[in-house]
Amino acid sequence: MDVSQGAFERLLAQLDPDRERAGERYELIRQKLTKFFQWRGCAAPEEYADETMDRVTKRIGEGTEIHSGDPYLFFHGVAINVLREYWKKEQRAPKASLDEANLADKPTTSEPDNHESKERQLDCLDGCMQKLPPQHLTLVSQYHEGQGGAKIERRNELARELNIPLNALRIRVFRIRGGLESCISECVKRAS
């Protein structure tokens with residue numbers, strides 16, 4: 001979403017007359033929004049926080065005023081709508097996993113063939129995981145440990161241990177998984 005400089009200036013002016021304090025409030029609101037999306041299980045909380053910030057900025061540019069004593073409440077209301085859109089999109093998106101390599105080329109026709117296909121996938125998964133450098137295997141395993149809040153906290157802890165931002169950690173794991181999925185897919189094709 002393109003946001004004009006004028007709209008951004010109006011937003012800062014509504015956050016605080018002092019431009020430096022307005023910038024600090026902007027960053028604080030963005031951090032709160034990131035946590036809001038993170039706590040609700042969004043895959044890319046920073047992206048959704050930025051989307052919320054852009055929508056509010058655009059609305060301010062169109063003449064909307066923030067009347068609340070705490071501007072975060074206005075942003076939070078917009079964030080709820082962004083979150084609802086995220087949930088709807090997630091419900092419609094097909095789920096894929098490393099356990100199931102994409103076999104759209106080869107439909108399974110019978111039960112024994114399906115069993116062989118699953119065995120082939122598992123063999124390929126094992127082989128591809130053995131090809132991963134040990135630190136990549138450890139990182140992916142630790143990244144997916146736990147459930148709910150414990151999983152989120154583990155990921156934050158992992159990012160701190162590696163001394164990188166959480167988003168950089170996500171990207172790193174995404175790339176490792178992408179390579180792993182490609183390896184599995186190629187292996188299954190060769191075995192077919």
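In table form, for the structure just shown:
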{"item": "Hits in the range 169-192 (condition: over 17 Å from PRO133 (Cβ atoms) and modelled with pLDDT under 85)", "result": "ALA191, SER192"}
{"item": "Some residue of the range 119-141 being part of a helix (DSSP H, G or I), modelled with pLDDT under 85 and under 17 Å from the mean Cα position of the chain (by Cα)", "result": "yes"}
{"item": "Residue that is assigned to a helix (DSSP H, G or I), modelled with pLDDT of 80 or more, surrounded by fewer than 17 Cβ atoms within 10 Å (Cβ to Cβ) and of a type in the set (A, V, I, L, M), where the choices are ALA159, ALA150", "result": "ALA150"}
{"item": "Matching residues in the range 34-82 - criterion: being among the hydroxyl-bearing types (Ser, Thr, Tyr) and either over 25 Å from the mean Cα position of the chain (by Cα) or outside any helix (DSSP H, G or I) (or both)", "result": "THR64, SER68"}
{"item": "Residue check for TYR48: aromatic (Phe, Trp, Tyr), within 18 Å of TRP87 (Cβ to Cβ) and surrounded by 13 or more Cβ atoms within 10 Å (Cβ to Cβ)", "result": "yes"}
{"item": "Any chance GLU100 is at pLDDT below 85 and either exposed (fewer than 12 other Cβ atoms within 10 Å of the Cβ) or not in a helix (DSSP H, G or I) (or both)", "result": "yes"}
{"item": "Flag if LYS35 is at pLDDT 85 or above, within 22 Å of GLN147 (Cα to Cα) and surrounded by fewer than 15 Cβ atoms within 10 Å (Cβ to Cβ)", "result": "yes"}
{"item": "Search result, residues across the range 45-79 that are among the hydrophobic types (A, V, I, L, M, F, W, C) and within 16 Å of PHE8 (Cβ to Cβ)", "result": "ALA49, MET53, VAL56, ILE60, ILE66, PHE74, PHE75, VAL78"}
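Table: residues versus (1) among the acidic types (Asp, Glu); (2) over 26 Å from VAL140 (Cβ atoms); (3) at pLDDT below 90; (4) surrounded by fewer than 13 Cβ atoms within 10 Å (Cβ to Cβ).
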position: LEU11; (1), (2), (3), (4): no, yes, yes, no
position: ARG30; (1), (2), (3), (4): no, yes, no, no
position: GLY41; (1), (2), (3), (4): no, no, yes, no
position: GLY63; (1), (2), (3), (4): no, yes, yes, yes
position: ILE66; (1), (2), (3), (4): no, yes, yes, no
position: ALA79; (1), (2), (3), (4): no, yes, no, no
position: LYS106; (1), (2), (3), (4): no, yes, yes, yes
position: SER110; (1), (2), (3), (4): no, yes, yes, yes
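The values are calculated or read from the model by the stated rules, or taken from the named source; none is laboratory data. This structure is a prediction, so every number in the text was calculated from the model and none was measured. We place every Cβ from the backbone using ideal geometry, glycine too, and count neighbours over all the protein chains shown.
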